[in-house]
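The values are calculated or read from the model by the stated rules, or taken from the named source; none is laboratory data. Computed from a predicted structure; not experimentally measured. When we count neighbours, we look across all protein chains shown, and the Cβ atoms used for this are built from the backbone with ideal geometry, even at glycine.
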Amino acid sequence: MAPFRKDIGSTKGTTTTSDGSNGQGVYRDVVIVGAGFAGIYLLHRLRDELGLSCVVFEAGKELGGVWYWNRYPGARVDSEVPVYEYSFEKVWKDWTWTEKYPDRNELREYFAHVDKVVDVKKDVVFDARVVHTQFHKNPGTKSGKWTTKTEDGQVVYSRYLIIATGFATKRLFPDWPGLESFKGEIHHGSFWPKEGVDIKGKRVAVIGTGATGVQIAQHTAKEAASVTVFQRTPNLALPMRQRLLKKEEQDRNKVDYPKLFKDRLGTFSGFPYDFVGRNAMDDTPEQREKFYEELWAAGGFHFWLGTYHDTLFDKESNRQAYDFWAKKTRARISDPRKRDILAPLDPPHAWGTKRPSLELDYYEQLDRPQNDVVDLKATSIADVTETGIKTSDGKHREFDVIALGTGFDSLNGGMKNMGLKDVNGVDLAEKWKTATSSYIGMTCAGFPNMFFLYGAHSPAPFTNGPSCIDVQGNWIFEAISKCYRESIEYLDPIPAAEEAWKRRVVNLSEKTLFPGTASWYTGANVPGKPIEHLNYTGGLQRYAEDCRQVLEAGFSGFDTGNVHCSSFACFDT
């Protein structure tokens, strides 16, 4: 089948839709929104293994999703390779990385390699922002088509719709007075100019201390005249332990890749390590200290996701972990004022209940005398002037460049921002206005034949993209395969199944320390957004088992047109 391109438009013919319109457009079996890891995964499997016709709409100008948009200084992944790559042998067998934690440029090269191997671009439409999607039923039946429209007027009809835009697509911008008056350069981390920003010898302000803020600060500090970080909450960052990789080493290890890719899905986080089978207080202080030192030396997320089993559940165990982190981090900061802001003796929140960033030399760079950190809990940003930033204590600091690491309306924000409507024309933004609902973190009642990945009610925030996508993408692939095998044209979760899944998510979360922390995990970073349990905290392995039960029970919890299956009581516990 010839690929769908923007320049062929309505020459594919007229499709009569059940809403009464004779829509000029084309038909595809599947419309996928987003050409990052998830979108490419499902395009490849559905097109090349099932033989379905697919089109991918991508708002950017190239493949890569977040790795197209992440152009800010120091942008780098926080998950090591080969975990952070596709598990397709045809992709990894001839690919070699240069670093354990690749930067944005190497990830761009990786996606070019993926395209060469899988032939992705022939079915991708770039510069295409989706603004309307709705499932229209055929009169008198439980079947129909999705209508998807883009900002520039393209229309595609499809049997299935897959939202693969990820959990960080709706950017947050501050509403400070005077923001427009600043005469220097000001950029959001995910809107960084493609040509870059000259920061050599300039005064740089970094607003925010999430992963973006940490990476921008430590990177620009090497060339800028000064870097000032405006911090609301300290990032309890961990040492990355970056290192160069040799081709010979990777070639030797590739014999073990199939086992590694399989085994990582049997862990809580999708990494090749897991929580140990004992609690922190089971060890003596000396044993605990030795274990913590081993995790710290290993680097990456070992100290977060390879630690004691009860660290994210028990307050005493959690405090032991925080005190060790504070001791190790404070030893790297010589300035006592900065030390107390960046690594306070008392935890700002339970350790690990916000995803820690991985840093290279963040604390050493901010410790340098020309650099500074401003505690926004002691003094807030009052306004932005032509030349800098004024805080509520009356102090004015002058800058040449302001970098906004102010984050995203994560997990559910992006899906509420693309005109996604249910069968009755009600926008998802309205349905999710007071609370988010889903079934198994991949489907929504009233949105038949629609799937999404790496979003609300899944374990996405505690894992890495490729591992989570292997689980969710495979489930979606198997679900669509099952529908074709069994001639199921309509797959819609029933509201009672959503309610049971929500109870599952809430019950799991309330057993942990996560609810006590205000973060994007609960929507607390967005003013006016409902505070709720948005994440499946049972781990990737348990999540995969829950989802597998749904398929094995014949789409339990779904209305399949002829069958109304509701055997999902296992999710109440």
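Screening the stretch 175-206 for residues that are assigned to a helix (DSSP H, G or I) and under 24 Å from the mean Cα position of the chain (by Cα) and picking the one that is nearest to ALA343 (Cα to Cα) gives GLY189.
PHE477 fulfils the conditions (1) closer than 30 Å to ARG319 by Cα; (2) surrounded by fewer than 21 Cβ atoms within 10 Å (Cβ to Cβ) except for a single criterion, (1). Consider the stretch 322-368 and keep the residues that are outside any loop (DSSP other than H, G, I, E, B) and among the hydrophobic types (A, V, I, L, M, F, W, C). The one that is farthest from VAL229 (Cα to Cα) is PHE324. Looking across ASN562, ASN535, one residue alone is within 24 Å of LYS431 (Cα to Cα) and modelled with pLDDT under 95. It is ASN535. Among the residues of the stretch 446-460, are any modelled with pLDDT of 90 or more and surrounded by fewer than 22 Cβ atoms within 10 Å (Cβ to Cβ)? Looking through the stretch 446-460, at least one residue is modelled with pLDDT of 90 or more and surrounded by fewer than 22 Cβ atoms within 10 Å (Cβ to Cβ). For the stretch 145-163, what are the residues that are within 24 Å of the chain's Cα centre (by Cα), among the hydrophobic types (A, V, I, L, M, F, W, C) and closer than 18 Å to THR560 by Cβ? Across the stretch 145-163, the qualifying residue is only LEU161.
Can you pull out the residues in the stretch 52-94 that are among the charged types (D, E, K, R) and in a loop (DSSP other than H, G, I, E, B)? Walk me through it before giving the result.
Initial filter on the stretch 52-94 (among the charged types (D, E, K, R)): 58, 61-62, 71, 76, 78, 80, 85, 89-90, 93-94.
The answer is GLU58, LYS61, GLU62, ARG71, ASP78, GLU80, GLU85, LYS93, ASP94.
Looking at ALA217, ALA164, ALA205, ALA221, which is the one that is closer than 24 Å to GLY414 by Cβ and among the aliphatic types (A, V, I, L, M)? Write out each step before concluding.
Details: ALA217 fails: closer than 24 Å to GLY414 by Cβ; ALA205 fails: closer than 24 Å to GLY414 by Cβ; ALA221 fails: closer than 24 Å to GLY414 by Cβ.
The match here is ALA164.
Being surrounded by fewer than 22 Cβ atoms within 10 Å (Cβ to Cβ) and not small (Gly, Ala, Ser) holds for only one residue in VAL77, VAL117, VAL56, and it is VAL117. Scanning the stretch 179-206 for residues that are surrounded by fewer than 22 Cβ atoms within 10 Å (Cβ to Cβ) and among the aliphatic types (A, V, I, L, M) returns LEU179, ILE186, VAL197.
Within the stretch 488-509, not a single residue is on the phi > 0 side of the Ramachandran plot, outside any helix (DSSP H, G or I) and at pLDDT below 95. The residue that is farthest from the chain's Cα centre (by Cα), among those in the stretch 21-51 that are surrounded by fewer than 21 Cβ atoms within 10 Å (Cβ to Cβ) and assigned to a loop (DSSP other than H, G, I, E, B), is SER21.
Provide a single number: the residues in the stretch 468-525 that are of a type in the set (A, V, I, L, M) and within 22 Å of the chain's Cα centre (by Cα). Explain how you work it out, then say what you get.
Just the residues of the stretch 468-525 that are of a type in the set (A, V, I, L, M), to begin with: 469, 471, 476, 479-480, 488, 491, 494, 496-497, 500, 505-506, 508, 513, 518, 524.
Within this subset, residues satisfying the condition of being within 22 Å of the chain's Cα centre (by Cα) are 469, 471, 476, 505-506, 508, 513, 518, 524.
Counting residues in the stretch 468-525 that are of a type in the set (A, V, I, L, M) and within 22 Å of the chain's Cα centre (by Cα) gives 9.
Considering the stretch 410-445, the residues that are touching a strand residue (DSSP E or B) at 6+ places or on another chain (Cβ under 6 Å) and over 17 Å from THR147 (Cα atoms) include one that is surrounded by the fewest Cβ atoms within 10 Å (Cβ to Cβ), namely ALA445.
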